[in-house]
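The values are calculated or read from the model by the stated rules, or taken from the named source; none is laboratory data. Computed from a predicted model, the values in this text were never measured in an experiment. Because the Cβ atoms are built from the backbone with ideal geometry, glycine has one as well, and the counts that use them run over all protein chains shown. For accessibility, only protein heavy atoms count, side chains too; no ligands or nucleic acids. Shrake-Rupley method; radii C 1.70, N 1.55, O 1.52, S 1.80 Å.
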Amino acid sequence: MSVTIKDVAKRANVAPSTVSRVISDSPRISEDTKRKVRKIMEEMGYHLNINGRVLVRQSTQTIGIVMKDSATHSFENPFFSEILKGISESCHNRDYSLNLTTGESEESIFQDVVKMVQGKRVDGIIVLYSKEDDKVVPYLMDHNFPFVVVGKPLYGANKFMYVDNDNIEASREATNYLIDRGHRDLGFIGGDLKFEVTRDRLKGFKQAAKQHGIEVKDHSIRSIDLSDTVRNGKRIVKDLMSLSTPPTGLVITDDYNGLTVMSALQEQNIKVPDDVSIIGFNNTMIAKLSNPPLTTVDTNPYQLGYEASNGLIDILHEPEMIKRGVIIPTNIIERDSCHSIKPVMEKLEP
């Protein structure tokens, strides 16, 4: 015979309603009581009857995840794996499952979202991006469906919750990191400018350059096409290194693209960091394993995912709660892909 909530309540010497509130992680129950009841649930082998709970509460206990790009491209980039780890950990702690979009185009991803909402397959949705001409967020707002965005909202910021970094400031600091090491010939390699994260990081790059009186030419600012990252990265590197004054310092807005650029530089016998210094973003496993290890801005992607999931589940439990914006701090992780350029006067010294 399976263990019931009443069995757990009797062993824990609490009311069945208390056990139910522990299961739903109610803030009305103290942490000591939660630990006590959860320990007894584990000892007795109690498992929540999800199907029964769905019928009673009209809840799927499932969170939908809308990917930035096609599933194929998204899973190639460990940044999204880190975000999903954070979401998964939060969902596990609060007894929720995940449902991911699997479309290979913007339209098919949108249709996945429509199916999630109209088919009542999920209780709420986490959108892993913010971009112009997006159909998903307006659709969710029109249908008053609970959701959280990972990224800075383009509009309606006071109407829904979002989790993000201060990407302008993070990019400004990354650019200053190169400038402080003597680099004045700078280049920027980002992703698609339709995405707000790329725009903000470009804005921070330009702000830092302007602050130091550095003129950045348009041909030193490039975007890598996700549809063919490797080939596109090689072409960009060839173009940049063929300039009359090639950059000695590159800000690259994703470690994944950073590795692509480093590989292309090596093919041209251009050494990192001796010839070109590179700073990336996200501090994923790629940054640690690249050769040389990549200096990068740690955007704490795990925490981005964890906070997004926790925030959404809070909204599901308390629909009238105030929607808030959460900013996750960033910091630069120094490794071996950047070095200082000696001032001219030092080079003239015997």
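The table below gives the values:
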| item | result |
| --- | --- |
| Rounded accessible area per residue of the chain, 1.4 Å, Å² | 50 |
| Which of GLN61, SER81, VAL163, positive extreme of dipole for the chain (C-beta unit charges) | GLN61 |
| Rounded to 5, percent antiparallel among DSSP beta bridges of the chain | 10 |
| Neighbour net charge for PHE79 - beta-carbon separation under 9 angstrom, K R +1, D E -1 | -3 |
| Separation in nanometres of the label points that stand 7 Å from Cα toward Cβ, at TYR155 and ASN331 | 3.9 |
| Estimated [θ] at 222 nm from DSSP helical runs (n ≥ 4, -39500 (n - 2.57)) normalised by residues in the chain, nearest 500 | -14000 deg cm²/dmol |
| Region 195-290 - percent of accessible surface contributed by carbon and sulfur, probe 1.4 Å | 47 |
| Relative contact order [Cα under 8 Å, 6+ residues apart], the chain, whole percent | 18 |
